[in-house]
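What follows is one structure encoded as structure tokens, with my remarks underneath.
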Amino acid sequence: MESLPRKLSLTDRRTLPSLIGAVTRPLRPHALSSRHGTSSGLLDRHTFTIDYTTRSPRLPGRSPVAVLVDVLDLPNAEPCQAFGMASLETRVRQDAARIEAALDGQAEVHHMGGSRFAFLVELPTRDDIERLVEALHLRLTQPREDAAQPLRPLVHVGLCQAETGKDSADDIIRGMFVGLHWAVSSQVTYCWYSAPRDESLRREYHLLAGARDGLRHDEFHLLYQPRFRGSDLSAVSAEALIRWDHPRLGPVSPAEFIPVFERNALMEKVTEWVVDRALEQLSCWRRDGITLGLSINLSARNVARAGMADALVARIHAEGLRCSDLEIEITEGEWLRVNSVPGEQLRRMASAGIRLALDDFGSGYSNFAYLTELPIHTLKLDKSLIDGISTDTRARLKVRAIIGLAHDLGYTAVAEGAETADQVTTLRELGCDQIQGFALCRPISATELTDRLTVAPHLLE
């Protein structure tokens with residue numbers, strides 16, 4: 001037996017922590033059972049809070065990074081619903097082991113509930129942290145061996161820089177969740193906490209919390225922006241545009257609240273409100289002898305609901321209107337496929353007589369197969385195409401080509417976002433069928449539009 005202690009090589013010293021971890025990891029649930037969750041056998045959220053709170057006064061002024069990892073991230077489903085509780089717990093333990101292996105003793109992993117894990121780590125730079133996250137992402141997205149439940153999970157990570165002695169455990173936990181929210185919503189691997197992101201999330205919460213009350217208390221209202229015939233600039237239809245006067249936040253743009261509603265399943269309720277109010281207004285116009293057409297915007301979520309088309313047709317008839325009085329505007333994108341629920345609903349609308357307009361055409365999506373396979377009636381050229389037509393020859397040629405394409409397919413070409421008189425003049429010279437934009441008329445109330453049409457039914461001035 002050797003009497004002198006063995007000298008460890010550099011390789012031995014690097015390997016030893018991993019070996020110790022491999023040996024002691026199976027013993028930890030028993031040795032530290034009071035610190036571990038009862039279901040997963042892992043350190044839990046409460047232990048994370050205790051550990052940070054205990055650590056903070058002992059090491060003031062340190063800047064560890066709190067990391068929150070969502071390993072499953074199944075859209076619209078809780079993990080236990082997807083796999084069952086027993087299978088989920090097995091998966092949680094497997095994922096925790098993968099994270100611990102990647103950390104290689106740098107931090108303790110805490111199970112924060114569901115498919116989420118958190119840890120605190122100190123590394124020299126943010127770049128080092130981000131490299132660690134990328135390594136975690138690579139390890140956690142490796143294909144699973146479990147053939148019964150094949151899954152390559154989506155992994156998102158929220159990061160929050162902490163300052164011990166200043167930030168509480170609640171502060172950094174919330175910061176991690178803010179970062180995770182933005183990572184998921186932005187469809188990126190990770191996102192750092194920031195005050196602007198925090199404020200934006202708080203604002204989103206207020207929008208969501210106030211939406212249903214807003215519908216009941218008439219905080220929402222519709223404005224109408226007319227479209228004009230290119231040949232004589234007479235008003236031929238109007239687009240219904242929703243607006244929100246929030247009691248706390250003030251006027252909120254639809255560009256802000258509509259994406260929030262779409263992400264949180266509120267869009268269906270809001271769309272029902274828009275359709276009801278818009279059709280009621282159209283019915284009033286018909287009683288007043290105003291023949292203006294009406295356009296309503298529907299989202300991919302709206303059109304993806306089976307039976308939506310039949311319900312819309314029934315609502316039109318209930319107001320004593322014709323389906324041809326209404327135009328539905330949809331935005332091009334990956335969801336717009338022929339052999340799909342949205343495709344079927346669009347065909348049912350068209351067969352009933354509702355006109356279909358493809359909004360924001362030319363904004364970036366390049367698969368035009370739907371132009372001949374779906375019953376489109378109108379192409380609305382995106383504002384980005386219109387901006388430079390008065391001064392840029394290439395922009396003018398591009399718009400001319402799209403107008404020609406629309407005419408060759410038998411569609412009506414509509415230019416939206418015309419903001420100057422020169423743009424209006426150029427669009428008319430290019431043979432654009434209809435024009436919409438601030439240069440001709442801003443969105444206005446139904447009362448103001450009715451008054452203008454009554455005074456000058458053939459031209460809004």
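The values are calculated or read from the model by the stated rules, or taken from the named source; none is laboratory data. This is a predicted model, so every value here is computed, not measured. Cβ atoms come from the backbone with ideal geometry, glycine included; neighbour counts cover every protein chain shown.
Taking the stated definitions as given, is R203 among the basic types (K, R) and surrounded by 13 or more Cβ atoms within 10 Å (Cβ to Cβ)? Working first, answer last.
Numbers: among the basic types (K, R): yes; surrounded by 13 or more Cβ atoms within 10 Å (Cβ to Cβ): yes.
In short, yes.
Name the helices (runs of 4 or more DSSP H) wholly within segment 200-305 that hold at least 2 residues that are among the aromatic types (F, W, Y)?
Passing ranges, in order: 254-263, 267-287.
Of everything in segment 86-106 that's free of Cβ contacts under 8 Å to residues at least 40 places away in the same chain and in contact with a strand residue (DSSP E or B) (Cβ under 9 Å, 6 or more places away or on another chain), which residue is surrounded by the fewest Cβ atoms within 10 Å (Cβ to Cβ)?
Applying the filter and picking the extreme gives Q106.
Do you know which of the residues in segment 35-63 that are modelled with pLDDT under 85 and of a type in the set (A, V, I, L, M) is surrounded by the fewest Cβ atoms within 10 Å (Cβ to Cβ)?
Among those that are modelled with pLDDT under 85 and of a type in the set (A, V, I, L, M), it is L59.
Counting only residues that are surrounded by fewer than 15 Cβ atoms within 10 Å (Cβ to Cβ) and in contact (Cβ under 8 Å) with a residue 40 or more places away in the chain, which one in segment 281-303 is farthest from A255 (Cα to Cα)?
The extreme case among them is D288.
Examine segment 128-144 for a residue that is closer than 30 Å to A255 by Cβ and either surrounded by 13 or more Cβ atoms within 10 Å (Cβ to Cβ) or not polar (S, T, N, Q) (or both), and state whether such a residue exists.
Restricting attention to segment 128-144, the residues satisfying the condition of being closer than 30 Å to A255 by Cβ are none.
Within segment 128-144, not a single residue is closer than 30 Å to A255 by Cβ and either surrounded by 13 or more Cβ atoms within 10 Å (Cβ to Cβ) or not polar (S, T, N, Q) (or both).
Counting just the residues of segment 164-199 that are of a type in the set (D, E) and touching a helix residue (DSSP H, G or I) at 6+ places or on another chain (Cβ under 9 Å), which one comes out modelled with the lowest pLDDT?
Ranking the qualifying residues of segment 164-199, first place goes to D167.
Looking at segment 426-449, which of the residues that are in a loop (DSSP other than H, G, I, E, B) and hydrophobic (A, V, I, L, M, F, W, C) is farthest from Q281 (Cα to Cα)? Break it down stepwise before answering.
Kept after step one, since they are in a loop (DSSP other than H, G, I, E, B), are these residues of segment 426-449: 430-433, 437-443, 445.
The next check asks that each one be hydrophobic (A, V, I, L, M, F, W, C); those that pass are 430, 432, 438-441.
Numbers: L430: 33, C432: 28, F438: 22, A439: 25, L440: 22, C441: 19 Å.
Once the filter is applied, the top-ranked residue is L430.
For segment 200-217, indicate whether the set of residues that are within 25 Å of D44 (Cβ to Cβ) and within 23 Å of the chain's Cα centre (by Cα) is non-empty.
Yes, segment 200-217 has at least one match.
Scanning for something touching a His at 6+ places or on another chain (Cβ under 7 Å) and either in a strand (DSSP E or B) or in the same structural domain as H221 (by TED's automatic domain parsing) (or both), does segment 450-460 turn up at least one residue?
There is no residue in segment 450-460 that is touching a His at 6+ places or on another chain (Cβ under 7 Å) and either in a strand (DSSP E or B) or in the same structural domain as H221 (by TED's automatic domain parsing) (or both).
Looking only at segment 366-386, filter to residues that are more than 20 Å from V399 (Cβ to Cβ) and over 24 Å from the mean Cα position of the chain (by Cα); which one of those is modelled with the highest pLDDT? Walk me through it before giving the result.
Pass one, segment 366-386, residues more than 20 Å from V399 (Cβ to Cβ): 367, 369-370, 372-375.
This time we only want the ones that are over 24 Å from the mean Cα position of the chain (by Cα), so: 369, 372-375.
On the way: A369: 69, T372: 78, E373: 79, L374: 83, P375: 88.
Top of the filtered list is P375.
Applying the selection to segment 119-143, what residues are within 12 Å of D95 (Cα to Cα) and either among the charged types (D, E, K, R) or in contact with a strand residue (DSSP E or B) (Cβ under 6 Å, 6 or more places away or on another chain) (or both)?
R139
Between a residue in segment 342-360 that is farther than 25 Å from A415 by Cβ and any residue that is buried (at least 19 other Cβ atoms within 10 Å of the Cβ), which pairs come within a Cβ distance under 6 Å, given they are 6 or more apart or on different chains?
From residues that are farther than 25 Å from A415 by Cβ, the pairs are P342/V303; Q345/V303; Q345/M308; Q345/A309; R348/A309.
Name every residue in segment 402-425 that is under 32 Å from the mean Cα position of the chain (by Cα) and outside any loop (DSSP other than H, G, I, E, B), in order of residue number.
Within segment 402-425, I402, I403, L405, A406, T412, A413, V414, A415, E416 qualify.
Hey, does segment 140-156 have a residue that's assigned to a helix (DSSP H, G or I) and either closer than 16 Å to D70 by Cβ or touching a residue at least 12 places away in the same chain (Cβ under 8 Å) (or both)?
Taking every residue of segment 140-156 in turn, at least one turns out to be assigned to a helix (DSSP H, G or I) and either closer than 16 Å to D70 by Cβ or touching a residue at least 12 places away in the same chain (Cβ under 8 Å) (or both).
From the residues in segment 64-82 that are touching a strand residue (DSSP E or B) at 6+ places or on another chain (Cβ under 6 Å) and in a loop (DSSP other than H, G, I, E, B), which one is modelled with the highest pLDDT?
Selected residue: P64.
Name every residue in segment 221-262 that is closer than 16 Å to P443 by Cα and free of Cβ contacts under 8 Å to residues at least 12 places away in the same chain, in order of residue number.
P251, S253, A255
Looking only at segment 386-401, how many residues end up being surrounded by 16 or more Cβ atoms within 10 Å (Cβ to Cβ) and either in a helix (DSSP H, G or I) or not assigned by TED's automatic domain parsing to the domain that holds R428 (or both)?
Selection size over segment 386-401: 6.
I'm told G307 meets every condition in (1) farther than 30 Å from N339 by Cβ; (2) modelled with pLDDT of 90 or more; (3) surrounded by fewer than 16 Cβ atoms within 10 Å (Cβ to Cβ) except one. Can you identify the failing condition by its number?
Failed condition: (1).
Hey, among the residues in segment 331-350 that are crowded, with 20+ Cβ neighbours inside 10 Å and over 15 Å from L312 (Cα atoms), which one's modelled with the lowest pLDDT?
As a first pass, look at segment 331-350 and keep what is crowded, with 20+ Cβ neighbours inside 10 Å: 332, 336, 342, 345-346, 349.
Now narrow it down to the ones that are over 15 Å from L312 (Cα atoms): 332, 336.
Working: E332: 71, L336: 67.
Here the answer is L336.
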